[in-house]
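The values are calculated or read from the model by the stated rules, or taken from the named source; none is laboratory data. Remember, predicted model here, so these are calculated numbers, not experimental data. Here the Cβ positions follow ideal geometry from the backbone for every residue, glycine too, while neighbour counts run over all protein chains shown.
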Amino acid sequence: MRIPDKSALLVIDLQNDMSSTAIPVMKGSHCMQNAPRIIGYFREHGIPVIQVREMHRADMSDFGRELDGVEGVHCLEGTSAVEFNPATAPVEGEYTFGKRRYSAFLGTDLDLLLRCKGIENLFLIGGLTDVCVRFTAVDAHQYNYRFFVVTDCVTGSSWKAHEYALANMKYLQRESNITTADIIGEAVEVKDND
Amino acid sequence: MINIPEHSALILVDVQGDESDDPRYSMGDDRKRIYHENVIKVTQFFRKLGTVPIIHIIELHRKDGVDFGRELDGSENPHCLEGTVQGSFYPPCAPIEGEYVVPKRRYSAFFATDLELLLRGLKAEHLFICGGMTNICVHYTAVDAHQYNYHVHVFKEACGTPSPVDVAQAALENIEYFQKGSIISVADLSS
């Protein structure tokens, strides 16, 4: 596919805590193999790359109800878990911001940033498909943005939840489910990493 | 018997006039009947209780379509236009004197509405939620409630959707993912 004008890539929560057990992650996702390629493609073509990461204060004052479900304590400031994943970390000149909730729009300046840059289309990669990616997509949709989720460059809490969340995003915008090959323009060879 | 804590509110999401004639958006008579029976049961329970504020959310779009945004880029056709049956309340649950009404243009009842201000005014901390669609407006209202620090309690049988049963179930499971124990049964109101 041709990346439309006024687009940006939003990298969601690709952080350093991949081995943590605080948050369930499905096995066998190709997210971390594909993410550097997608990010590289946007960089090469001069399309803005924006990275958001989940951060919680060390005294845990901002978790709200986030520990009332499946997730344990995660992404505390001052720990290595909060850092960007070295494989996909932002480079000089890229926009970054932190968030306290699932949606990258809630309590952040993302909508302001996108308006200032004249962005109308958001490409989404990262995790979790069924939580932060989906609820960011929902808010993007509600703010009138077109969104595209790269289905083999997002990872969910389980395969089942991942698939239902992708279908849910397709319900909102019927063209929204795309693949790494759609962007890179070639089939991507990846190894399973269960 | 379900415990209704202090500082609770009941939120009826988009319990509105008849669904579209388009068969693609039909729930089927049986699912619709069960949904309606249960949403009426919940409404009547809270009205009888008399101590919990009742808030009616209604999806409304301007007739010229100016406020649909991207809402027609997916599975939905124009819906809930102001001044139509779809743009009005389902009569058995329609608001009565002393109940609150919050219109919305988007899926989440928190998005560009005064719901959060109203809930602060009411000092609500626990939100009992029912209505439709389970996998869209109920789901996204529940997650925003969660993100704004409210405890959510969703009456599973009093939620409805024309989407397939497994899709509705996946939405309820996601709500349970972020708040354990938040999916509750209408049966618990009377036992």
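Filtered by the rule that a residue be more than 7 Å from every other protein chain (Cβ to nearest Cβ), under 15 Å from B:His153 (Cβ atoms) and not in a helix (DSSP H, G or I), the range B:163-184 gives B:Gly181, B:Ser182, B:Ile183, B:Ile184. What do you reckon, is A:Gln33 surrounded by fewer than 22 Cβ atoms within 10 Å (Cβ to Cβ), touching a residue at least 60 places away in the same chain (Cβ under 8 Å) and under 15 Å from the mean Cα position of the chain (by Cα)? Criteria met by A:Gln33. When we screen B:Glu37, B:Glu97 for residues that are exposed (fewer than 13 other Cβ atoms within 10 Å of the Cβ) and either more than 14 Å from every other protein chain (Cβ to nearest Cβ) or modelled with pLDDT of 95 or more (or both), the only hit is B:Glu97. Looking only at the range B:146-162, residues that are at the interface with chain A (Cβ under 8 Å from one of its Cβ atoms) and not in a strand (DSSP E or B) come to 5 in all.
If you go through the range B:1-29 and keep only what is at pLDDT 85 or above and over 22 Å from B:Glu76 (Cα atoms), you end up with B:Ile2, B:Asn3, B:Ile4, B:Pro5, B:Glu6, B:His7, B:Ser8, B:Ala9, B:Leu10, B:Ile11.
Of everything in the range B:127-153 that is β-branched (Val, Ile, Thr) and under 9 Å from the mean Cα position of the chain (by Cα), the residue that is nearest to B:Ile183 (Cα to Cα) is B:Ile129. Only a single criterion out of (1) under 30 Å from B:Ser182 (Cα atoms); (2) in contact (Cβ under 8 Å) with a residue 40 or more places away in the chain; (3) surrounded by 21 or more Cβ atoms within 10 Å (Cβ to Cβ) is not satisfied by A:Glu71, namely (3).
Selection of the range B:127-140 for residues being polar (S, T, N, Q) and either within 11 Å of chain A (Cβ to nearest Cβ) or out of contact with any strand residue (DSSP E or B) (no Cβ under 8 Å at 6 or more places or on another chain) (or both) yields only B:Asn135. If you go through the range A:100-148 one residue at a time, how many are more than 8 Å from chain B (Cβ to nearest Cβ), under 24 Å from B:Ala145 (Cβ atoms), among the β-branched types (Val, Ile, Thr) and crowded, with 19+ Cβ neighbours inside 10 Å? Count: 3. Out of curiosity, is B:Ala124 outside any helix (DSSP H, G or I), away from every other protein chain (no Cβ under 11 Å) and either among the hydrophobic types (A, V, I, L, M, F, W, C) or within 12 Å of the chain's Cα centre (by Cα) (or both)? Considered against the rule, which asks whether it is outside any helix (DSSP H, G or I), away from every other protein chain (no Cβ under 11 Å) and either among the hydrophobic types (A, V, I, L, M, F, W, C) or within 12 Å of the chain's Cα centre (by Cα) (or both), B:Ala124 comes out as yes. Being without any contact (Cβ under 8 Å) to a residue 60 or more places away in the chain, acidic (Asp, Glu) and within 14 Å of chain B (Cβ to nearest Cβ) is a description that applies to A:Glu66. When B:Cys137 is tested against (1) in a helix (DSSP H, G or I); (2) in contact with a Cys (Cβ under 7 Å, 6 or more places away or on another chain); (3) of a type outside the set (S, T, N, Q), only condition (2) is not met.
Does any residue of the range A:170-177 turn out to be touching a residue at least 60 places away in the same chain (Cβ under 8 Å) and more than 8 Å from chain B (Cβ to nearest Cβ)? The answer is no; no qualifying residue exists.
Count of the range B:136-191 residues, restricted to those that are surrounded by fewer than 17 Cβ atoms within 10 Å (Cβ to Cβ) and closer than 22 Å to A:Thr108 by Cβ, is 1.
Among the candidates A:Ile23, A:Ile38, A:Ile12, A:Ile47, the residue that is out of contact with any His (no Cβ under 9 Å at 6 or more places or on another chain), closer than 19 Å to A:Ala104 by Cα and either modelled with pLDDT of 95 or more or surrounded by 18 or more Cβ atoms within 10 Å (Cβ to Cβ) (or both) is uniquely A:Ile12. Within the set A:Arg57, A:Arg2, A:Arg53, the sole residue that is away from chain B (no Cβ under 14 Å), under 18 Å from the mean Cα position of the chain (by Cα) and not small (Gly, Ala, Ser) turns out to be A:Arg53. When A:Ala22, A:Ala35, A:Ala87 are screened for being in a loop (DSSP other than H, G, I, E, B) and closer than 13 Å to A:Ile125 by Cβ, only A:Ala87 passes.
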